[in-house]
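A quick write-up on the structure given underneath.
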Amino acid sequence: AAVPSARVVIRNAATGEERSAGSDTSGAYSFPSVVPGTYDVIVTAPGFKRGEVKGRVAQVTQTAQVDVALQVG
């Protein structure tokens, strides 16, 4: 199931630069205009353990979908 109002952070693995956004009511989130590179995606939400996906590659003019599973906790 989707988690609304989760905090989503992407971190550029090469530079350490971070950007954050919140998920909408359907659990979707977006980061427009991301610089190509390798990113870690970190998701936090009240009542859930932190979820993380490491090493996702963002390429030029490519839309990527990253689903992060959160465990209750």
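Bear in mind that the values in this text are calculations on the coordinates, not laboratory data. As the structure is a prediction and not an experimental result, all values here were calculated from the model. Positions of Cβ are generated from backbone atoms using ideal geometry, with glycine treated the same way; all protein chains shown enter the neighbour counts.
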Using alpha-carbon positions, the gyration tensor of the chain gives root eigenvalues a ≥ b ≥ c; with a/c under 1.5 called rounded, otherwise prolate if a/b exceeds b/c, else oblate, the class is prolate
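Between beta-carbons, use under 15 Å as the cut-off and find the net charge around Tyr39, counting Lys and Arg +1, Asp and Glu -1.
On the way: positive: Arg11, Arg19, Lys54, Arg56; negative: Glu17, Glu18, Asp40, Glu52, Asp67.
Taking every other residue near Tyr39 into account, the sum is -1.
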At Arg19 and Asp67, where each label point lies 7 Å from the Cα along Cα→Cβ, what is the point-to-point distance in nanometres? 2.3 nm
Take each of the peptides 33-41, 57-65, average the number of other beta-carbon atoms within 10 Å over its residues, and list them starting from the highest. 33-41, 57-65
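So, R0 is 22 Å and r is the distance between the beta-carbons of Ser5 and Val53; what FRET efficiency does that work out to, to 0.05? Intermediate values should be presented prior to the final figure.
Numbers: r = 19 Å, r/R0 = 0.87.
So the FRET efficiency works out to roughly 0.70.
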